[in-house]
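Reviewing the structure listed below.
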Amino acid sequence: MGRYLLLHSLLSVLLMYAAPFVRAEESFLDELFELSIEKLVNIEVRVASKEETSAFENPAAIYVITQADIKASGLHTLPDLLRMVPGLHVSRIHSRQWAVSSRSKTRRFSGYLLVAIDGRAVHNPIFGGVWWDMQHYPVQDIEKIEIVRGPGATTWGSNAVNGVINIISKNSKNTRSTVAAIGAGSGDIKNELFLRQGFKLGENHGRVYLNTLQVDSGDYSYLPNNNAEDANDESEIHQIGFRLDNKKENRELVLQGDAYQGETGEYDGTSGDEIVHIDDIGGYNMLGRWRQKYQDSDEIMLQLYIDHFQRSNDGSIKPLDKFEFNVDTIDLDIQHYFIQGSHRWVWGLGYRYMKISTEEQGLLNQNGAVIDPKGLQDELASAFIQDSVYFWQDSLQWRIGVKFERNDYSGMEWQPSTRLIWHITEQQNVWFAYTRAVRSPVSVDDEVYIDDVELAALDESAAACEGTGQGSRFGWLILPEAGCVINESLHADSQTVWSYEIGYRWSANNKSIDIALFHDDYETQEFITDTHLDYLYGLELSFNYHITEQWQMLFNYSRHQGQDKSVRSDERSTTEDISKNTAFLRLSYNPFKTWLFYANTYYVEGIDGPVPPYTRLDLHAQWKINQQFSASIIGSNLLEESHLEENGDLFDVEASEVRQGVFLHLNYDVNVH
């Protein structure tokens with residue numbers, strides 16, 4: 001009740017002082033309503049084919065989160081922004097850990113979704129998936145987020161099985177301002193600070209920024225442990241970064257980098273004792289990109305980045321003892337795009353080198369299981385080629401391509417696709433796709449060893465294996481039945497997914513609709529940290545309606561149905577039906593040029609495990625006080641005091657409930673001419 005009163009009081013104060021500023025000059029809030037349906041559906045994207053094309057003309061299930069979506073939402077974390085996308089499943093495990101998946105079961109370490117920031121992959125090479133608590137790019141500097149639901153492996157490679165997310169930052173030319181923003185509130189986010197300085201040096205534009213975020217302890221009051229409610233698992237992250245842009249008529253140069261450090265708290269109550277363990281996180285990255293156009297139909301791109309991150313914990317989490325590891329990555333990509341008659345070609349070469357080093361006893365040393373403390377060195381080489389052919393006065397496009405990869409776990413992989421799109425009229429089209437994608441193993445799937453003596457003490461069935469030598473590979477999920485196994489007998493292999501898709505798009509003056517149907521067949525393969533799908537099919541829909549100049553509506557819906565299958569070592573199998581039904585409704589109201597009101601409603605049904613369905617309502621109001629100052633207030637999860645979104649994860653870390661909260665945000669922005 002107190003939070004409702006606080007929200008009501010703050011809104012009343014803001015409304016009382018709104019009138020004197022209604023006639024203020026042009027406002028940044030105009031941006032939120034200036035994008036027409038035509039501009040939205042024809043926004044340029046690269047995520048689907050690595051060449052810049054209209055989203056409406058792509059034979060793939062594409063969704064774009066625009067600047068307008070980001071500004072209007074009031075959200076400050078990347079996973080929260082992704083909640084609105086049909087086909088994506090986003091659930092919060094606790095205050096700084098998330099499970100994000102596309103067309104799959106939600107998993108903290110999902111290896112079926114590839115995530116990149118400006119083309120720099122943030123894939124976790126140890127467990128797979130993404131450590132979202134280490135990805136805190138400031139939302140104020142994001143230009144857009146391009147999403148492909150479904151396979152993107154032909155251009156992005158392994159692990160782009162069910163989706164690709166590419167977060168694209170703003171060109172420095174568009175951030176030539178001095179910005180100071182501060183926020184504080186109740187609920188999950190305690191406070192946030194963002195500082196940015198834009199500048200111009202000759203023909204170069206640049207910016208530097210500082211961003212800090214502090215997250216409150218999770219709500220564990222639903223657990224039976226008496227002390228769970230007071231678990232102090234606060235988290236924080238501090239990040240700095242820069243970007244430089246030099247763009248001429250036919251050439252573009254970009255240099256950017258980030259560095260961060262922080263702590264993530266997690267609560268473990270499975271042992272009967274209430275334990276909070278802290279992960280120390282840190283890292284840095286640097287990316288350079290050169291793009292040269294020789295003609296309107298000929299373009300070359302060269303990109304190089306380095307990435308380092310480290311993570312360690314305090315030794316209180318089970319089944320892990322204290323661990324510390326460092327991951328270093330060097331990645332080089334070259335792409336060439338050109339037109340030859342009715343053919344539009346794009347080809348590329350890539351090379352990635354990763355080094356994973358651990359300290360002391362290794363990464364997983366509970367009961368003798370470790371990743372080799374000497375460290376791992378992985379290499380990935382790739383090449384792809386893609387051709388788009390146009391027929392019938394460009395009304396029919398056939399896109400065919402293939403990517404070849406060589407990795408250190410499963411060897412050579414090939415990932416072909418064929419796609420067809422027919423533009424029935426200028427306002428509607430239908431598309432089809434057939435794709436083979438691969439989920440390749442990660443370190444924990446293939447490079448985990450076990451000490452035979454420790455295993456024998458754990459399971460009597462393993463006693464006969466004593467003396468066979470230390471360092472036997474094992475499959476974590478079948479360990480109780482497997483006992484001690486011979487080296488290499490459980491060597492991890494890749495998993496192949498065959499995907500069939502069909503989609504339809506239609507747009508008019510003030511409304512648009514986008515529908516996608518899919519069916520995915522999986523070749524069964526056991527992975528330690530991931531799901532084991534047999535098949536999955538579903539429907540995804542997005543409907544955008546600009547009702548009047550002041551009212552807008554967005555409705556997204558997805559329905560997924562399938563089966564999960566796990567094969568045990570004794571050839572027994574277990575199956576589980578999967579059913580997910582999600583919906584998102586956004587209403588936007590712009591009564592004055594200086595005001596915007598925004599409502600997000602989320603409905604989620606059928607989350608994995610004993611997590612009940614929930615409906616979440618977020619309300620957001622923005623006020624442009626004058627040309628430099630703006631204020632916003634966000635009420636989140638207003639329908640209930642708290643709700644659970646996910647089960648615990650692989651390491652038995654307890655999930656916390658999402659709290660009801662109110663967040664006040666103040667922004668100062670002065671343009672630099």
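Peptides 116-128, 100-112, 194-206, 552-564 ordered by packing proxy, namely the average of other Cβ atoms within 10 Å per residue, highest first: 100-112, 116-128, 552-564, 194-206.
Packing, taken as the mean count of other beta carbons within 10 Å per residue, orders the peptides 539-545, 38-44, 89-95 from highest to lowest as 89-95, 539-545, 38-44.
So between GLU38 and TYR353, what do we pick up on full extension, going 0.36 nm a residue minus the alpha carbon distance?
Working: separation 315, 0.36 × 315 = 113.40 nm, distance 4.23 nm.
In short, 109.2 nm is gained.
Legend: calculated FRET efficiency, ASP521 to SER177, from the Cβ-Cβ distance at R0 = 51 Å, rounded to 0.05, equals 0.50. Summarising the label geometry, the points placed 7 Å from Cα in the beta-carbon direction at PHE404 and ASP280 lie 4.6 nm from one another.
Using R0 = 30 Å, the C-beta based FRET efficiency linking GLU52 and PHE597 works out to 0.30.
A straight chain from ALA383 to GLN563 at 0.36 nm per residue would run longer than the Cα-Cα distance by 61.5 nm. The length gained on full extension between GLN292 and LEU201, counted as 0.36 nm times the residue separation minus their Cα-Cα distance, comes to 30.6 nm. Taking the accessible area of region 33-171, probe 1.4 Å, and keeping the other protein chains in place, the carbon and sulfur fraction comes to 47%.
Packing here is the average count of other Cβ atoms within 10 Å per residue, and on that basis the peptides 234-241, 54-61, 504-511, 292-299, highest first, run 54-61, 234-241, 504-511, 292-299.
Placing pseudo-labels 7 Å out from each Cα toward the beta carbon at GLU641 and TYR390 gives an inter-label distance of 6.1 nm. Each Lys or Arg adds one and each Asp or Glu takes one away; over the other residues whose Cβ falls under 14 Å from the Cβ of TYR434, this sums to 0.
The values are calculated or read from the model by the stated rules, or taken from the named source; none is laboratory data. Quantities reported herein were computed from a predicted structural model and do not represent experimental measurements. Cβ: placed from backbone, ideal geometry, glycine included. Neighbour counts: every protein chain shown. These area figures cover heavy atoms from the full protein model, side chains too; ligands, DNA and RNA do not enter into them. Shrake-Rupley method; radii C 1.70, N 1.55, O 1.52, S 1.80 Å.
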